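Visitor: Got a structure for you, written out below as structure tokens; questions coming shortly.
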Amino acid sequence: MNIEIRTTQDGSHTLYNFDLNENYHSIFGALDESNHVFIEAGLKPVLTRKRGFYTETGFGTGLNTWLTAKHVTDPESLVTYITTEPIPYRLR
């Protein structure tokens, strides 16, 4: 698999997969997309209960994992996060 790092419009990075002709995140903003979809709509509602379990297929850039770690700041919160990458890649 041929992968290249690309900069998105918000200055964050995504991966481009030449074999699939697709980006891993929005070209308009990988960070903005992950914050909106994964953090605001997914993680924050769960953190109000202080418990959460996530499974993600496709580790990709690791952005969602990093953002989760960044936002779980309450030592009494327990978030279990499992991610897999079914298609390992190499960078060009």
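Computed from the coordinates by the stated procedures, all read-outs in this text should not be read as laboratory data. Please read these numbers as outputs of a predicted model, since none were measured by experiment. Quick reminder, even Gly has a Cβ in these numbers, built from the backbone with ideal geometry, and neighbours come from all protein chains shown.
Visitor: Please name whichever of ILE39, ASN17, TYR81 sits farthest to the positive end of the charge dipole of the chain, dipole taken about the Cα centre and charges placed at Cβ: Lys and Arg +1, Asp and Glu -1.
Guide: Going by the Cα projections, it comes out as TYR81.
Visitor: What fraction of the DSSP beta bridges in region 2-91 is antiparallel, stated in percent and rounded to the nearest 5?
Guide: Of all bridge pairs located within region 2-91, approximately 45 percent are antiparallel.
Visitor: State, to one decimal in nm, how far the label point of ASP74 lies from the label point of PHE59, with both points 7 Å from Cα in the Cβ direction.
Guide: Here the answer is 2.9 nm between the modelled labels.
Visitor: Using a Gaussian network model of the chain with C-alpha springs under 10 Å, which one of THR14, THR55, THR65 is most mobile by mean-square fluctuation?
Guide: It is THR55.
Visitor: If the label point is 7 Å along Cα→Cβ of MET1, which residues in region 45-78 have backbone nitrogen under 11 Å from it?
Guide: Residues 58-61 fall inside that zone.
Visitor: Suppose every K and R has +1 on its Cβ and every D and E has -1 on its Cβ; what is the size of the dipole of the chain about the Cα centre, in Debye to the nearest 20? Let's see the in-between values first.
Guide: Values: 8 positive and 11 negative charges, 51 e Å.
Using Cβ point charges on Lys, Arg, Asp and Glu, the chain gives about 240 debye.
Visitor: Just tell me the longest site-free run in the chain, where the sites are chymotrypsin sites (Phe, Trp or Tyr not before Pro) in a DSSP loop having at most 11 other beta-carbon atoms within 10 Å. Don't skip to the answer; put the middle values down first.
Guide: Details: sites that count: PHE18, PHE28.
That gives 29-92 as the longest site-free run.
Visitor: Could you work out the relative contact order of the chain? I mean the mean sequence separation of Cα pairs under 8 Å and 6+ apart, divided by the number of residues, in percent.
Guide: Values: 132 pairs, mean separation 27.2, N = 92.
Over the chain, the number comes to 30 percent.
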